[in-house]
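Below is one structure, written out as structure tokens; comments come after it.
The values are calculated or read from the model by the stated rules, or taken from the named source; none is laboratory data. All of these numbers come straight from a predicted model, not from anything done at the bench. Glycine also receives a Cβ, built like all others from the backbone with ideal geometry; neighbour counts cover every protein chain displayed.
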Amino acid sequence: MLLRSGALPASLHYLTERTVGPSLGADSIRAGVKAAAAGMIAVRLFMLIYYRGSGINADLALVLNLIILLGFMGYFGAVLTLPGIAGVILTVGMGVDSNVLIFERIREELRNGKAPAAAVDQGFDRAWTTILDTHVTTIVSAVILFFVGSGPVSGFGLTLIFGLLANLFTAVFVSRVIFDAVLSRKGRGEALSI
């Protein structure tokens with residue numbers, strides 16, 4: 001209409017025309033869920049292979065993280081959309097990052113000759129500030145996305161906030177409890193599988 005109201009005569013020719021229905025969105029969500037599941041399986045296998053027994057610890061923390069995240073979303077009535085799935089995937093990535101930070105600190109302490117219990121204590125203590133820093137800065141960004149964004153962007157921010165809060169709990173506290181339980185069953189001088 002703007003072209004027709006201007007001084008120059010211009011004609012429009014349709015090259016293509018598309019209609020997008022609800023099935024396209026359903027297909028995208030289905031593909032996103034499949035990609036998230038495949039990524040989760042690959043991450044869990046990597047953690048098991050690379051960190052051996054401690055990989056089981058990380059996998060339990062990741063599964064609990066997802067359960068807590070989905071519980072939060074269910075409680076608040078949040079809908080899992082394609083951006084929400086992206087938030088879940090980012091949460092899993094940050095959960096793995098937290099576990100890798102902790103495990104590498106523990107390995108470093110073990111290489112320095114510390115006993116397994118002392119290495120676990122130092123590993124968690126030294127990784128805590130880095131994990132807290134990364135999570136707080138990302139949560140601040142997600143809060144801004146939630147309040148400033150609209151629709152899908154807001155949903156991504158909400159999913160990310162819930163996921164990161166759950167991740168802080170599982171990566172630091174749940175993982176620590178699992179390590180303490182494993183260490184309490186080990187004999188003095190027995191190596192830690194990490």
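No other residue among Leu45, Leu80 is in a helix (DSSP H, G or I) and either closer than 14 Å to Leu164 by Cβ or not hydroxyl-bearing (Ser, Thr, Tyr) (or both) apart from Leu45. Mind counting the residues in segment 27-75 that are of a type in the set (Val, Ile, Thr) and either in contact with a strand residue (DSSP E or B) (Cβ under 6 Å, 6 or more places away or on another chain) or farther than 16 Å from Ala86 by Cβ (or both)? Adding up the residues that qualify gives 6.
Taking the condition of a type in the set (Ser, Thr, Tyr) and crowded, with 18+ Cβ neighbours inside 10 Å, does Tyr75 pass? Full working, then the answer.
Values: of a type in the set (Ser, Thr, Tyr): yes; crowded, with 18+ Cβ neighbours inside 10 Å: no.
Taking the combined requirement at face value, the residue does not satisfy it.
Residues are listed down the side, and each one gets a yes or a no for (1) at pLDDT below 90; (2) among the hydroxyl-bearing types (Ser, Thr, Tyr); (3) on the phi > 0 side of the Ramachandran plot:
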residue	(1), (2), (3)
Ser23	yes, yes, no
Asp27	yes, no, no
Ala36	yes, no, no
Leu60	no, no, no
Asn65	no, no, no
Met73	yes, no, no
Ala78	yes, no, no
Thr81	yes, yes, no
Gly87	yes, no, no
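Does segment 138-152 contain any residue that is under 14 Å from the mean Cα position of the chain (by Cα) and within 16 Å of Asp97 (Cα to Cα)? Yes: one or more hits.
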